[in-house]
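Chemist: Okay, handing you the structure first.
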Amino acid sequence: MSGIKSYKELFIWQKGIKLVVLVYKLTKSFPKEEIYALTSQLKRASVSVPSNIAEGFGRQTDKSFNHFLNISRGSLNEIETQLIIAKELEFISDDNLFNEIMLLIEEESKMISAFAKNLKD
């Protein structure tokens, strides 16, 4: 990670922040009775992605950073699963936003995997 002074410079962190914003926008339209259930789970999982990237960066070892990148990737899988559930339950009315988030999850997962591979090499 030579030359990188802050986790904020990492595109994987920046995309993670974008994901949080989009998830929060999407869940605004979820039923109120879901506020402490699926809505809360989705928000926490989305916040986990950039948070774990930042925490891993702060550990200052590649092995530790890689561990936190794996957690971020797991959170992406969790978000994707929860979004599919929300879609099946017809909580999602904005198909464009749903598709944008799903694409972002796919991109973010690939980027994290590539970044983690570079840390190992």
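Chemist: Mind listing whichever residues of the range 42-62 are open to solvent by less than 50 Å² (accessible area, probe 1.4 Å) and more than 15 Å from residue 12 (Cβ to Cβ)?
Modeler: 42, 45
Chemist: Only residues that are surrounded by 15 or more Cβ atoms within 10 Å (Cβ to Cβ) and part of a helix (DSSP H, G or I): list them for the range 83-101, please.
Modeler: 83, 86, 97, 98, 100, 101
Chemist: Continuing with the same structure: Can you pull out the residues in the range 14-41 that are open to solvent by 50 Å² or more (accessible area, probe 1.4 Å) and either farther than 12 Å from residue 97 by Cβ or in contact (Cβ under 8 Å) with a residue 24 or more places away in the chain (or both)?
Modeler: Result: 14, 15, 17, 18, 25, 29, 32, 33, 35, 36, 41.
Chemist: Only residues that are touching a Ser or Thr at 6+ places or on another chain (Cβ under 6 Å), of a type in the set (A, V, I, L, M, F, W, C) and assigned to a helix (DSSP H, G or I): list them for the range 26-74, please.
Modeler: Within the range 26-74, 42, 45, 49, 53 meet the criteria.
Chemist: Given the criteria more than 24 Å from residue 3 (Cα to Cα) and touching an Asp or Glu at 6+ places or on another chain (Cβ under 7 Å), does residue 76 qualify?
Modeler: Yes, satisfied.
Chemist: If you don't mind, another one. Between residues in the range 106-121 that are part of a helix (DSSP H, G or I) and residues that are acidic (Asp, Glu) and open to solvent by less than 100 Å² (accessible area, probe 1.4 Å), which pairs lie under 6 Å by C-beta distance while being six or more apart or on different chains?
Modeler: 119/62
Condition check ((1) more than 16 Å from residue 13 (Cβ to Cβ); (2) of a type in the set (Gly, Ala, Ser)) across all residues:
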| residue | (1), (2) |
| --- | --- |
| 73 | no, no |
| 84 | yes, no |
| 91 | yes, no |
| 95 | yes, no |
| 116 | no, yes |
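The values are calculated or read from the model by the stated rules, or taken from the named source; none is laboratory data. What you are looking at is a predicted structure, and each value in this text was computed from that prediction instead of being measured. Here Cβ is always computed from backbone atoms with ideal geometry, including for glycine, and neighbour counts include all displayed protein chains. Accessible surface areas use protein heavy atoms only, side chains included; no ligands, DNA or RNA. Shrake-Rupley method; radii C 1.70, N 1.55, O 1.52, S 1.80 Å.
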